[in-house]
Each structure stands twice: as structure tokens, then as C-alpha cells.
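Colleague: Take a look at this one; I'll ask things after.
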Amino acid sequence: MVTNIEKIKSINLFSNLKKEDMEQVISLMETNKVYEGEVFMQRGEPALTFYVVLSGNYMIHFAEEQSFTLHNQGDIIGWSSIITPFFNTATGTALTDGELLCLHGKKLYNLLKNNPDMHYIFMKKINKIIAEKMAYAKDNEKI
Amino acid sequence: MYGFEAINANNGWEISFLGICIVFTGLVLLSLAISQLHKILDLWENRDSYIQLLKDRFNKKNIPNEETAPDIIVTDSTRESARQFNILIKNMNEKYFPLPKLIKTAKSMGLMRPHFYLNQMLQIKLIIPDGSGFYYWEKNNHKKIMSKE
């Protein structure tokens, strides 16, 4: 159950949504606590949930053992849940205790599918977040 | 006075050239405007987002997301973990190593709370991403942290 609406509205991903769209997205949300070392998302399994980081630190790792870590509020995990073929391409592990905002992937996908304006804003934000992550990774390249 | 003589006498060639320049400049400007029309339309259609973006930039609000982790205080246990991770990484014999393998090795060697301390190593920049999904041990930071003992 979502407890802090204002905190959610302040997250970059949701900041430009219209009031009525925001209400629809909030209706799909629940917050879940995760614990140090917990694997909350498994590679190869159906991607059922789209996660937004509220607190905590996370490691996302792929089959080839490549990985990246997430430490910021508003970071997103599990975008395979809204992109075909809806299977997790990575495993998610909590490095510390934390809190994740969980959105039901299928319901979010249907909501976006039926609302092109919101779909556009949402995907643009997701692209921006991914681009920022890639730019950050580039900044930290081998010296 | 008729023909070329009249043209020459009344700056006809210069005026014609100027006319051609004006017309061609107009055409070039028009074609540029048409070629960029999609950007202008995008700006108009998404004016609310752009205004918000400008406001955020102006207020310096929107740049990084809020860090969820507080600043790490380097304690004796952090230094001890750094020592242990340093040994593990040396034994892995890979300059650029994968994090899952490091955690697996740490678990198998019986390190306490490997996820928690791995996060600390990342936060104090002892373990640094190489930009391609692998990580390396930052020796200089290790020396600095150990020298503060």
C-alpha cells in the first residue's frame, strides 16, 4: 500500500504526469520492503513488476556476469515488464535493506497502451533515466 | 538610351544581382524553416514539459536524483572489510571483475554480510565500475583509507 503520495510525486519519473494519469498510476502501486541479500527479481522469469527505488542499494546483474548498481531514489528496475517479450533479462539483488515502489507490469502496460500521451511521457522519462545511467557509466570508464 | 547601355548606366546589373541574392536568401531561409518545422511543432506540442524543464533547471532541482544512501563513515569494520575484499580480489586474479562473482567468493569464504560491505566498498569508491559492467579495485583510495587508521 502506498503511504507517501507526495514522495512519489517528487520522483522524476512521475513528475510530469497529469493529475488524472497520476491517480491511475498510483492505483497500480504498492511499496515493498526488501532485505539485504534478497533476490527480488530473477533473470529468465516472467517480468511481472516494474520497480522504482524509494530507498536502499541494489545490484542488477546479467547472464554474462556484467552488472550495475543503483543507489538513488527514482532509479528504475524491471522495465522488461512493459516491453515485449516480458521476460526479465537480469537478476536484481538488494545490497542493503530498502523500499521499492512496485507497479504491476501488465496493468501498467495496458494503462500505457490505452493512453498514448501518458505512454509518450513515461517512455521519454525512462529513456532519459537510461541515458543518464549510460552517461554515468561512461564517465566512470577505465582510466 | 536603350538595352545594355541603359542597364549599365542605371546600375541594372547590381540591382539584378541584389534581387537574385534577396530571392535566393529568402528561399534558403524558407527551406531551413520547413526542414526544422518538426522541432518547432514538437516545442509547441510539449510546451508544458519544456517550461517545466526550464523551471527545474533554473531552480537547479532536477539534475541528480536524491541519493538514498547517507554518506558512509569509514569505521574499523569497513577497513577490515576493505582488507578482506582486497585479498579476495587479488586471489580472483582479474583486474576487471564481475560483482556477482565477488559476492559468491565472499560468501564461500565466510565473509560476514557480503552484500552490505560490498555496497560500502562501492560507496567509498574502493570498487569502481569500469563502464562495461565490470569493476576494478581502486588502489589509491585503498591506501588513503588505510592510512587514516
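Colleague: Return only the number of the condition from (1) more than 18 Å from B:Leu122 (Cβ to Cβ); (2) facing chain B (nearest Cβ under 9 Å) that A:Ser27 does not satisfy.
Modeller: Status for A:Ser27: all satisfied but (2).
Colleague: Okay, moving on. Read through the list (1) of a type in the set (Val, Ile, Thr); (2) exposed (fewer than 14 other Cβ atoms within 10 Å of the Cβ); (3) modelled with pLDDT under 80, then give the number of the only condition that B:Thr75 fails.
Modeller: (3)
Colleague: All but one of (1) in contact with a helix residue (DSSP H, G or I) (Cβ under 7 Å, 6 or more places away or on another chain); (2) free of Cβ contacts under 8 Å to residues at least 40 places away in the same chain; (3) surrounded by 15 or more Cβ atoms within 10 Å (Cβ to Cβ); (4) within 20 Å of A:Gly98 (Cα to Cα) hold for A:Ile5, so report the exception by its number.
Modeller: (3)
Colleague: Mind listing just one residue for me: the one in the range A:78-110 that is of a type in the set (A, V, I, L, M) and in contact with a Leu (Cβ under 7 Å, 6 or more places away or on another chain) and, of those, modelled with the lowest pLDDT?
Modeller: Here the residue is A:Ile82.
Colleague: If you don't mind, there's one more thing I want to ask. Only one of (1) of a type in the set (Phe, Trp, Tyr); (2) more than 9 Å from every other protein chain (Cβ to nearest Cβ); (3) within 20 Å of B:Ile127 (Cα to Cα) is not met by A:Phe87, so which one is it?
Modeller: (3)
Colleague: Quickly run through the range A:81-109 and pick out the residues that are part of a strand (DSSP E or B) and among the aromatic types (Phe, Trp, Tyr). Can you show your working first?
Modeller: So in the range A:81-109, the residues part of a strand (DSSP E or B) come out as A:87, A:91-94, A:98-104.
Within the range A:81-109, just A:Phe87 meets the criteria.
Colleague: Of all residues in the range B:103-141, how many are more than 11 Å from every other protein chain (Cβ to nearest Cβ), farther than 25 Å from A:Glu64 by Cβ and surrounded by 16 or more Cβ atoms within 10 Å (Cβ to Cβ)?
Modeller: So the count comes out to 2.
The values are calculated or read from the model by the stated rules, or taken from the named source; none is laboratory data. A quick note: this is a predicted structure, and the numbers were derived from the prediction, not measured. Note: ideal-geometry Cβ built from the backbone for every residue, glycine included; neighbour counts use all protein chains shown.
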